[in-house]
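Asker: Next up is a structure, given as structure tokens.
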Amino acid sequence: MPVNSVFSPSSPQAAAIGHLSWIVFWVSVAIFSLVTAVVLLAVIRFRNDSPGEPVQVFGSRWMEVTWTVGPIAIVAALFGLTITTMQAADPPVHGHPPDLVVVGHQWWWEVRYPAAHVVTANEVHIPVGRRLLVRLDSGDVIHNFWVPPLGPKRDMVPGRPSDIWIEADRAGVYLGACGEYCGTEHAWMRLRVVAEPEAAFQAWQRAQAQVPAQPTTGVAAQGARVFQQRTCASCHAISGTEGQARVAPDLTHVGSRSTLAEVVANTPENLRAWLANPDAIKPGSNMPNLQLTDPELRALVAYLEGLK
Ligand code: CUA
């Protein structure tokens, strides 16, 4: 699925940016057309068939005033519009606590909702029509948070958190991407924002805050053991287990996500392929190939897909 276009804004912030972009575009078109027309006119109308000194215009006051005042007026008008657009696209925070925290990692997004004690990855859920403050940070290199239909793009600088408002006018799935080259998998550092009605958002948040029941019997229980024994737990956290590492995406509710690593749909077949050889799906990924055996793969898939 391609990342959504900046030309289909779905929030007041993105609409303000889109509006200004169109004004700048049409002003540029007008200037380009005017200059082209004057050049063509000069070429055709004043073609010099009989070489000689042309008419001199040095010291023409009205010409000098025109070409000085005109550009100043255009730049000043665009400057004023830019200021109002910045206020609309990036309103002041006034000490508002962040509603969610997004941390960029090579090459995935850690997503936390501090008040609800929810931790997830790559998939952000927001309620329709309500502005949320997002705290942006990075765990390694400079990334860039960008969901074009929902607002401005912003660098995520390690050790220098910043805040950005995110909002959606309509329910839907909005795809964003990392906007700053950050290594091998930069192009696949995709982000998914699911905007849903308030009640659905609250239900999602409640479900994500639950500690999932750990399987005690069957192949899924074997999977839970494989997860601990084959060192998956050294990087991935799952609530309700001993694994609380934060090196890689939290997998507490991995079965409820729509994609794996934002590259392939979250199906048992794809999960199996991913676990068998992560590099085949996301080359350069920091997830190692653990050389899992067929029974181990089967058990892990059953366990992880059951974590809804
Ligand atoms: Cu992260 Cu590019």
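Asker: Please verify whether residue 104 is within 16 Å of the ligand (Cβ to nearest atom) and small (Gly, Ala, Ser), treating the condition exactly as stated.
Answerer: It is true that residue 104 is within 16 Å of the ligand (Cβ to nearest atom) and small (Gly, Ala, Ser).
Asker: Condition first: within 13 Å of residue 177 (Cα to Cα) and not in a strand (DSSP E or B). Now tell me which residues in region 133-158 satisfy that.
Answerer: Scanning region 133-158 gives 147, 148, 149, 150, 151, 152, 153.
Asker: Report the residue count in region 96-117 for those that are crowded, with 21+ Cβ neighbours inside 10 Å and part of a loop (DSSP other than H, G, I, E, B).
Answerer: Matching residues across region 96-117 total 1.
Asker: Please give the number of the condition residue 159 fails out of (1) free of Cβ contacts under 8 Å to residues at least 60 places away in the same chain; (2) at negative phi.
Answerer: Only one criterion is unmet by residue 159, namely (2).
Asker: Just to be sure, is residue 203 more than 16 Å from the ligand (Cβ to nearest atom), farther than 24 Å from residue 18 by Cβ, out of contact with any Leu (no Cβ under 9 Å at 6 or more places or on another chain) and open to solvent by less than 50 Å² (accessible area, probe 1.4 Å)?
Answerer: It is true that residue 203 is more than 16 Å from the ligand (Cβ to nearest atom), farther than 24 Å from residue 18 by Cβ, out of contact with any Leu (no Cβ under 9 Å at 6 or more places or on another chain) and open to solvent by less than 50 Å² (accessible area, probe 1.4 Å).
Asker: May I ask you to verify whether residue 212 is open to solvent by less than 30 Å² (accessible area, probe 1.4 Å), within 16 Å of the ligand (Cβ to nearest atom) and either touching an Asp or Glu at 6+ places or on another chain (Cβ under 7 Å) or under 14 Å from residue 304 (Cβ atoms) (or both)?
Answerer: no
Here's the yes/no breakdown for (1) in a helix (DSSP H, G or I); (2) within 28 Å of residue 187 (Cβ to Cβ):
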{"residue": "3", "(1), (2)": "no, yes"}
{"residue": "7", "(1), (2)": "no, yes"}
{"residue": "10", "(1), (2)": "no, yes"}
{"residue": "37", "(1), (2)": "yes, no"}
{"residue": "41", "(1), (2)": "yes, no"}
{"residue": "53", "(1), (2)": "no, no"}
{"residue": "57", "(1), (2)": "no, no"}
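Asker: Just name the residue that is nearest to the ligand (Cβ to nearest atom) out of those in region 84-95 that are over 22 Å from residue 177 (Cα atoms) and assigned to a loop (DSSP other than H, G, I, E, B).
Answerer: 93
Asker: Please work out if residue 222 is open to solvent by less than 40 Å² (accessible area, probe 1.4 Å) and either more than 16 Å from the ligand (Cβ to nearest atom) or part of a loop (DSSP other than H, G, I, E, B) (or both).
Answerer: Answer is no for this residue.
Asker: Within region 118-132, how many residues are touching a Ser or Thr at 6+ places or on another chain (Cβ under 9 Å) and part of a loop (DSSP other than H, G, I, E, B)?
Answerer: Residues flagged as touching a Ser or Thr at 6+ places or on another chain (Cβ under 9 Å) and part of a loop (DSSP other than H, G, I, E, B) within region 118-132 amount to 2.
Asker: Considering only region 159-199, how many residues are open to solvent by 20 Å² or more (accessible area, probe 1.4 Å), within 12 Å of the ligand (Cβ to nearest atom) and assigned to a loop (DSSP other than H, G, I, E, B)?
Answerer: Matching residues across region 159-199 total 4.
Asker: So, residue 154, is that one farther than 24 Å from residue 287 by Cα and within 16 Å of the ligand (Cβ to nearest atom) or not?
Answerer: Spelling it out, residue 154 is indeed farther than 24 Å from residue 287 by Cα and within 16 Å of the ligand (Cβ to nearest atom).
Asker: Now for a separate question. List the number of the failed condition for residue 278; all other conditions in (1) in contact with a Ser or Thr (Cβ under 6 Å, 6 or more places away or on another chain); (2) in contact (Cβ under 8 Å) with a residue 60 or more places away in the chain; (3) over 17 Å from residue 120 (Cβ atoms); (4) buried (at least 19 other Cβ atoms within 10 Å of the Cβ) hold.
Answerer: All conditions pass for residue 278, except number (2).
The values are calculated or read from the model by the stated rules, or taken from the named source; none is laboratory data. Worth saying up front: this structure is predicted, and the values here are computed from it rather than measured. Virtual Cβ from ideal backbone geometry, glycine too; neighbours counted across all protein chains shown. Side chains included, ligands, DNA and RNA excluded: accessible areas come from the protein's heavy atoms. Shrake-Rupley method; radii C 1.70, N 1.55, O 1.52, S 1.80 Å.
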